[in-house]
Amino acid sequence: MPTKTKDIAKFINGELIGNGEVLIDGINGINEAKKGELAFILSSQALELVKSTQASCIVVPKDLNGDFDKPIIKVENPSIAFSRVIEVMMPGRIPHPKGIHPTAVIAKDARIGQGVSVGPYSVVESGVSIGDNTVIYPFSYIGKNAKIGKNCVFYPNVTIREEIVVGDRVIIHPGTVIGSDGFGYDVQQNGTHIKIPQLGTVVIEDDVELGSCVTIDRARFNKTVIGKGSKIDNLVQIAHNVVIGPNCVVAAQCGIAGSSELGRNVVFGGQVGVSDHVKVGDFVMAGAKTGIHKSYPAKTVLFWYPARPADKAREQIAAVGLLPKLFERVRKLEAKIKELEK
Amino acid sequence: MPTKTKDIAKFINGELIGNGEVLIDGINGINEAKKGELAFILSSQALELVKSTQASCIVVPKDLNGDFDKPIIKVENPSIAFSRVIEVMMPGRIPHPKGIHPTAVIAKDARIGQGVSVGPYSVVESGVSIGDNTVIYPFSYIGKNAKIGKNCVFYPNVTIREEIVVGDRVIIHPGTVIGSDGFGYDVQQNGTHIKIPQLGTVVIEDDVELGSCVTIDRARFNKTVIGKGSKIDNLVQIAHNVVIGPNCVVAAQCGIAGSSELGRNVVFGGQVGVSDHVKVGDFVMAGAKTGIHKSYPAKTVLFWYPARPADKAREQIAAVGLLPKLFERVRKLEAKIKELEK
Amino acid sequence: MPTKTKDIAKFINGELIGNGEVLIDGINGINEAKKGELAFILSSQALELVKSTQASCIVVPKDLNGDFDKPIIKVENPSIAFSRVIEVMMPGRIPHPKGIHPTAVIAKDARIGQGVSVGPYSVVESGVSIGDNTVIYPFSYIGKNAKIGKNCVFYPNVTIREEIVVGDRVIIHPGTVIGSDGFGYDVQQNGTHIKIPQLGTVVIEDDVELGSCVTIDRARFNKTVIGKGSKIDNLVQIAHNVVIGPNCVVAAQCGIAGSSELGRNVVFGGQVGVSDHVKVGDFVMAGAKTGIHKSYPAKTVLFWYPARPADKAREQIAAVGLLPKLFERVRKLEAKIKELEK
């Protein structure tokens, strides 16, 4: 439904400069936008884009100045404003399944909340509870006694094993597995292994988002935890008994080994590894591919393999780059000393 | 159906030396082949294998000389010749599902081409189009309005979300996910995150092959692209807005972060990582586990973490190996200088 | 069913000290255990936990001494004893599907053993055989002519392609793929690639456990092998023609490239990579993130990227940490020599 620029400005608490009656019927990137669409820029340095875009209205940061031939809306944080606009102007944007499909196999004693949707060919086992308005796509498996919160979205091919607990507003992308057995064996004298039963569970707290093909193992005892509001990208491995605090951001292909803990608001680039039984403090940041093999206190910035504080890492990486020259310098010194010793 | 050696030679444009009437009824590796089977060698240095194999006919490179007690076929490229022979002699080699299984849930308005096969328990949503002769195995999900080309094969448990575009002759192995949301959040002052809507799509061009459990995220705006003829191995992560050029070869467990671009014919070993917003030029090669954190021009050969040109990497890796000795040499120099200073 | 401490002691060949009539009705971690539950400690140094736990009986190592206010059971290996107790006291602990669900699509000529369970919406193709008591969860695909042993458990969304062989007592976690095409192409002069047919298979030997989203490719010829009793963690990539010996332990996100071989009882930490055509000897151990690019003999302990023996790696990593200081020392030496030369 087309919306007037003045109404959009009001909704996002922005200051409208220019014509408030222009009708907006779509949202797009600043480079991709066409006439009639709304776009945005993150920084006032993108001024040129505001002039060149085909968009009919642009959401900009407060400190942008200049004269423009189309309406602009100034806000504190254009990206957040933009997300809000999309929610309102494109409410049914993602075509989730609606209702319970007749082919869904749902145990009689499962408690299914109001407005829950379950796509074709999903399986919900005995004792499961699913909160209101949760959406489950096809080929998802919810194991016995699992408790799923409300307003969740589980995309296709998600596997949740027995006894797992998932909070409210959790989004799980396709192919993700929660509650597979932790990887634990006792070695016997003949070199074979006995599987250690994994009796614990997994708790996914509210507002978590899990990417595609994420694997989260159940605890040996007690629980593996993904803290409230944490965001886990595709192909991440979370081992048994790991505890991830709230608001962490873990990029793709990271692996956290058994019993390690991340504090709150930890941020990892892609392919980071954390050894087992390690504590990573609050607000720690680690660059892509960092290998964290021991505990680090809050706010440390880490890089390299094995990890070290990023400033040390930078210095040492530069030094390694100069190593061949250093060998040459030492060779010269050795020659000179030989000369001097004569 | 048994085929005469002279007919095989003709089909692959090869020069037959020896008996053209020998019947071949199977194809195998040079070490595994039995009587009646065809085998091949890639290099004329594998002469001994030609003598020892049980195969009844061997495809060899043009420059192989010698006398043999069985027919051989000389060709420019034995590996390519071999692949062609397999196509012809073993046409139904992979037992794909045939026809539309009655349990497939296909939206009424989906446009399904001629000769399309859809296995049991697959779901094809509204507005989807599927080109002629495409094969879809069980438990695959094709989201709303997705456009799938002709002669594709999607193995089981493949998830294609809404609006995705897939070209012709695309092969997708099991568990792969196309079009999950890009990993993007705005951080708020209280440390929580607001999800950034991902409005874009993914385009998989013609002749692409995607391995198992590959994850390809949809763009924030516009599209994530896998270029024509590119081959992506298992467990690879392709983030939102990545553009991969044509004919790239990306080995298993690589990760390409958001908005990065690969040119044409880029070749990556396994577990390579590419940071976000980086441009990797045409024909760049990177060894296994390389961590590419900045842009590199065409034809660069890269290695190590962080990446550097492979010749530099080799030199520096060797230098690191000699470091403990260098420390010893410097210690000796210091002692000698102390001596000299006296 | 509650069990007396004296009966538990007898079953695990342990020495009971204290009251043999105490009823045990559950099993838990030493920190989590409540009254009525059995717990264990691995080392006699955990003495304090024996005193503080709420558990009603504790399994302890033989060398633990002291007076306790509750029954303890002394055994050689408490962890193995514990696993055995769980098997006996909690036999139906994991709620596997029972029987053949009417929605399972099973080819008429498939040979299904006694006591086999197949969950809803699984597909078993023509020519498949499944051994007695094997359990197959929903959304699993067993391709044509695959041979599955007895007493296996395949969790949801497992894909086994045609002709694959799986032994007895094999556990496969959700999302795992066995038998996808090996990653092989011939490059043509114009830069495009021709797919090399992968005619071989995969053999998973007895007592193997495969984690979630593991990918194991079929061989070009012959077979890819996972040896008897080997344990493979989540998100591991096994390329075509890899041969893994018996009793190996491969942690999450490792990748083994084409045609490489691991001997017996090899142990890898997470995110290890092995290049193609490499031989890793028996009992080799490699720390997390190690990049193995060449062959190593039996019992080598490896670390770092590129890999080197762990003692060398430690020495060199320490040296790199001191590099900036070494540069400073060399600078001083150069200045002093300049001084001396005057």
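Nothing in this text is a laboratory measurement; each read-out follows from the coordinates by a stated rule. Predicted model, so just to flag it, every value in this text is computed and none were measured. As a convention, Cβ positions derive from the backbone with ideal geometry for all residues, glycine included, and neighbour counts pool all protein chains shown.
For the reader, a short list of remarks on this structure follows.
- Residues satisfying the stated conditions in the stretch C:1-16, i.e. assigned to a strand (DSSP E or B) and crowded, with 16+ Cβ neighbours inside 10 Å: C:3, C:4, C:16
- Qualifying positions in the stretch A:17-33 - outside any loop (DSSP other than H, G, I, E, B) and surrounded by fewer than 20 Cβ atoms within 10 Å (Cβ to Cβ): A:17, A:23, A:26
- Residue, farthest from the other protein chains (Cβ to nearest Cβ), within the stretch A:228-243, restricted to residues that are farther than 23 Å from residue C:272 by Cβ and free of Cβ contacts under 8 Å to residues at least 24 places away in the same chain: A:243
- Residue satisfying all of: in the stretch B:34-58; more than 11 Å from residue B:70 (Cβ to Cβ) and among the small types (Gly, Ala, Ser); surrounded by the most Cβ atoms within 10 Å (Cβ to Cβ) among these: B:46
- Checking each residue in the stretch A:243-259 for being over 14 Å from the mean Cα position of the chain (by Cα) and crowded, with 22+ Cβ neighbours inside 10 Å picks out A:256, A:257, A:258.
- Matching residues in the stretch C:245-274 - criterion: being small (Gly, Ala, Ser) and either closer than 18 Å to residue A:274 by Cβ or at the interface with another protein chain (Cβ under 7 Å from one of its Cβ atoms) (or both): C:251, C:252, C:255, C:257, C:269, C:270, C:273
- For the stretch A:196-227, the set of residues classified as assigned to a strand (DSSP E or B), within 8 Å of chain C (Cβ to nearest Cβ) and not hydroxyl-bearing (Ser, Thr, Tyr) consists of A:217 only.
- Taken as a whole, the structure leaves residue B:66 outside the set of residues that are surrounded by fewer than 19 Cβ atoms within 10 Å (Cβ to Cβ), touching a Gly at 6+ places or on another chain (Cβ under 8 Å) and more than 13 Å from every other protein chain (Cβ to nearest Cβ).
- Residue in the stretch B:325-334 that is within 14 Å of chain C (Cβ to nearest Cβ), of a type outside the set (S, T, N, Q) and in contact with a His (Cβ under 7 Å, 6 or more places away or on another chain) present: no
- Number of the exception - residue A:277 against (1) more than 9 Å from every other protein chain (Cβ to nearest Cβ); (2) crowded, with 24+ Cβ neighbours inside 10 Å: (2)
- Residues satisfying the stated conditions in the stretch C:316-330, i.e. under 14 Å from residue B:318 (Cα atoms) and either in a strand (DSSP E or B) or small (Gly, Ala, Ser) (or both): C:319
- If you go through the stretch C:104-130 and keep only what is under 24 Å from residue A:161 (Cα atoms), of a type in the set (Gly, Ala, Ser) and away from chain A (no Cβ under 14 Å), you end up with just C:115.
- Of everything in the stretch C:124-161 that is hydrophobic (A, V, I, L, M, F, W, C) and part of a loop (DSSP other than H, G, I, E, B), the residue that is surrounded by the most Cβ atoms within 10 Å (Cβ to Cβ) is C:139.
- Matching residues in the stretch C:210-260 - criterion: being of a type in the set (Lys, Arg) and touching an Asp or Glu at 6+ places or on another chain (Cβ under 7 Å): C:218, C:228, C:231
- The condition (being farther than 22 Å from residue C:183 by Cα, in contact with a Lys or Arg (Cβ under 8 Å, 6 or more places away or on another chain) and of a type outside the set (Gly, Ala, Ser)) is satisfied by just one residue among B:164, B:194: B:164.
- The stretch B:286-315, subset surrounded by fewer than 19 Cβ atoms within 10 Å (Cβ to Cβ) and part of a helix (DSSP H, G or I), residue nearest to the other protein chains (Cβ to nearest Cβ): B:315
- Residue within the stretch B:183-193 that is assigned to a loop (DSSP other than H, G, I, E, B), more than 10 Å from every other protein chain (Cβ to nearest Cβ), surrounded by fewer than 24 Cβ atoms within 10 Å (Cβ to Cβ) and hydroxyl-bearing (Ser, Thr, Tyr) present: no
- Of all the numbered requirements in (1) surrounded by 20 or more Cβ atoms within 10 Å (Cβ to Cβ); (2) more than 8 Å from chain A (Cβ to nearest Cβ); (3) in a loop (DSSP other than H, G, I, E, B), residue B:178 misses one, and that requirement is (3).
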